[in-house]
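Q: Let me begin by handing over the structure; questions about it come next.
Bear in mind these aren't lab numbers, they're just calculated from the coordinates by the rules spelled out. The structure presented is a predicted model; accordingly, all values stated were derived computationally and were not measured. We place every Cβ from the backbone using ideal geometry, glycine too, and count neighbours over all the protein chains shown.
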Amino acid sequence: MRMIRFALLFVTTFTGICLAANQRAVDEVLKWQKVEFDLPESVINAPDGYIPINNIPMSGVHYKNRVFVTVPRRRWGIPSTLNVVDIAPPFPNTNPVLRPYPNFELNELRADLQPDANRIVTVYRPRVDRCDRLWFIDTGMMEIPGNFTIVQRPSIWAVDLKTDTPIHRYEIPAKDVDSGYGLTSITLDVDPNDCEKVFVYISDLQTYRMLVYDYQNQKSWRFLHNYFFLNPLEGDFRIQGIPFSWDDGIFSIALSNPDPVTKFRTAYFHALSSNSEFTVSTAVLRNETASRRGYHGNDFQLLGYRGAQSQSSIHAFDRETGVIFFALIQQNAVSCWDTKKPFAPQNMAIIYKNDADIVYPNDLAIDNDGYVWFMSNSIIKLLYTQLNLEEFNFHIWRANIKEAIKGTVCDPTVRANVDAVQRFGESTGGDRVTFLEYKDKYGPGGGPFGGWGQDGNKRPARP
C-alpha cells in the first residue's frame, strides 16, 4: 500500500512540474476590456453605429506581426466584422484599436441591408494558407436574437495578404446550404506544390453537414453523416458556474500532413457538443460523387474519446510535430495529442490552463512560425449573465509549440502512456449513443434561448 501511495505522489509531482514548465512557454499577446475601431466619428456616432458591449471578437489569426480579429454581427452596433491589429513587443498589447480589413468599404453594410457582392456581413474564423492568402466565410447574416436577418447568400472569400486585395469570392449555392447560419469555421487543404489546387472544408454546426469547395473548379458539395451530430449526452455545459445547453454539431476540422503514397490527408473532426473525435480521408471528401451516397460504409471512423468534459471548440494540426491542439471550453484550457500515439485521454496533456482569463476559448490556429495561437472571448457572460467592460474580457495567447509540448506525452520523443485507443462503450460492445438518420433541420445551434432570442418563434426569414 505504501508503494502505491508513493507511486501516485511521484506521478502527481512530475505532472505538476511539466505543467509549470509548459505554462512558461505561453505569452499573452493581446487583451481588451472592450473593442474599439479606427473609424470616423460619423460612423461611430451614427444610430446603432457602435455599441461597445455588443462587440465580441471571435478570432485571433496571426500572419507576420498582424493578427486578424473578427467581430460577427450577432448584435446591433458592430461597424466592422473583419479587422486587423499590428502587434509588437513588449506583450501583452493592451486595448489595441481594430482597423477594418482590408478596408471599411468592404465591411460597411448598406443602409437598406440589400445584398452586395462587394461587401461582407459576418465573419467568424478566417485562416491563412501557405500561399499568403486569407480565407474566410461571410455568412451573409445578421444573427441578432429575435431579429435574424439574411442580408445575402453566404460566400467564400480569399484575400491576397501581400497586397491586401480581395482576389476571390464564391457564392455558396442554395443546394448546399439554406443560409449561412452555422458556417463558423473553415479549413484549408492546399496542394504542397500548387497554390491553385485548394479544397476548402466548412463545418455547418446548424444542419450537421460538412461543405466542400473545390477552388480550382469553382464548385461545391456537401456531406451528411451521423458523426456530424452532437452527442445528446454531452450537450450540457458549465462555464464559470454558468449552466447552459447547446446543440452545436460539427464545429472543427483539422487536417494531417499528406500521406506520402496517396497524397491525401486525414481529416479529424468533432461536434462542439461531444467528447469524441472522428476521421475521414480527404480522398472521400474531394469526391463529389461520394457526397451523394446514402451510405458511406466505413469511410468515416470513430477515432476515440477525449475524456469527460473535454468538449472542444476548435482544434488544429501542427505539420512539423504531428501534434493536434484542442481548445477545451469546459476546462478553460488548451490540450495536445501526438497523432502517432493511440487516441486516449492518458495520451493527452494540458499545455495551458487559466481559470481566471479563459472564459470560452473560441478559436485556435497555428501560424507558419511554429506557434499555436488561441483566444478567449467571454461570450458566455454576454449570453447568460453580464459582461463588465471594466474588466479584461478578451485575450489572445500564443505558445511556442516545441517548448509547450516538451517533456509531455505529446512530445514525439516521449513514449505513450497507454497503447490502446479509448472508445467509450467498448466494454459493453457498443458505443454510447445510436444516432438516427437525420433530415434537414430548421432550428437554432446554440446561444441564448437557442440562438433565436427569447421568443423562439422569431426565426430568420428565408432568402
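Q: Tell me, which longest segment in the chain has none of the GluC sites (Glu not before Pro) that fall in DSSP loops with at most 12 further Cβ atoms within 10 Å? Each step should come with its number before you reach the end.
A: Numbers: sites that count: E196, E320, E390, E391, E437.
The segment 1-195 is the longest one with no such site.
Q: For a quick check of your reading of the filter: which chymotrypsin sites (Phe, Trp or Tyr not before Pro) in the range 24-121 sit in a DSSP loop and have no more than 16 other Cβ atoms within 10 Å? Display every interim value, and only then the final one.
A: Numbers: sites: W32, F37, Y50, Y63, F68, W76, F104; in loops: Y50, W76.
Those that pass, being in a loop and sparsely packed, are W76.
Q: Over 30 Å between Cα atoms, which of K162/K402; K64/K406; K31/K340; K64/K402 qualify?
A: K31/K340
Q: In the range 184-268, what trypsin sites (Lys or Arg not before Pro) fall in a loop by DSSP, with at most 14 other Cβ atoms inside 10 Å?
A: K197, K263
Q: How large, in Å, is the range 257-402 by the Kirkwood hydrodynamic radius built from its alpha-carbon pairs? Walk me through the numbers before you get to the answer.
A: Numbers: mean 1/r = 0.0597 Å⁻¹.
By the Kirkwood definition, the hydrodynamic radius is 16.8 Å.
Q: Continuing with this model, one more query. Roughly how many debye, to the nearest 20, is the charge dipole of the chain about its Cα centre, given +1 on each Lys and Arg Cβ, -1 on each Asp and Glu Cβ, and no other charges? Before the final figure, lay out each step's value.
A: Values: 48 positive and 52 negative charges, 172 e Å.
The dipole magnitude comes to about 820 debye.
Q: Still on this model: Please list, in chain and number order, the residues 5+ apart from Y352 or on another chain whose amide H is under 5 Å from its amide H, with Hs placed from the backbone.
A: Under 5 Å from the amide H of Y352: V334.
Q: Cα-based Rg (one decimal) and Dmax (whole number) for the chain, in Å?
A: Just the Cα atoms of the chain yield Rg and Dmax of 21.4, 75 Å.
Q: Which residue, chosen from Y384, Y295, N95, occupies the Cα position most advanced towards the positive end of the dipole of the chain, where the dipole is computed from +1 (Lys, Arg) and -1 (Asp, Glu) charges on Cβ about the Cα centre?
A: Checked the options; the winner is Y295.
Q: Under 19 Å between alpha carbons, and skipping anything fewer than 8 positions from K219 in its own chain: which lysines qualify?
A: K175, K197
Q: Near the amide H of D259, under 5 Å away, which other amide H atoms are found, from residues 5 or more places off or on another chain, if H is placed in the peptide plane?
A: Excluding prolines and chain starts, which carry no amide H, the hits are F264, R265.
Q: What trypsin sites (Lys or Arg not before Pro) does the range 88-171 have in DSSP loop regions with at most 15 other beta carbons within 10 Å?
A: R110, R130, K162
Q: Oh, and also: Search the structure for amide H atoms under 5 Å from the amide H of I314, placed 1.01 Å from N in the peptide plane, and list their residues when 5 or more places away or on another chain.
A: Here the answer is A327, since their amide H atoms fall under 5 Å of that of I314.
Q: HN-Hα J couplings of the range 173-181 from phi, Karplus 6.51/-1.76/1.60, θ = phi - 60°, integer Hz, Gly and Pro as x?
A: The phi angles translate into x, 5, 5, 9, 9, 6, 8, x, 5 Hz.
Q: If I model a spin label as a point 7 Å beyond the Cα along the Cα-Cβ vector, how far apart are those points for N65 and E390 in nm?
A: It works out to 3.7 nm between the two label points.
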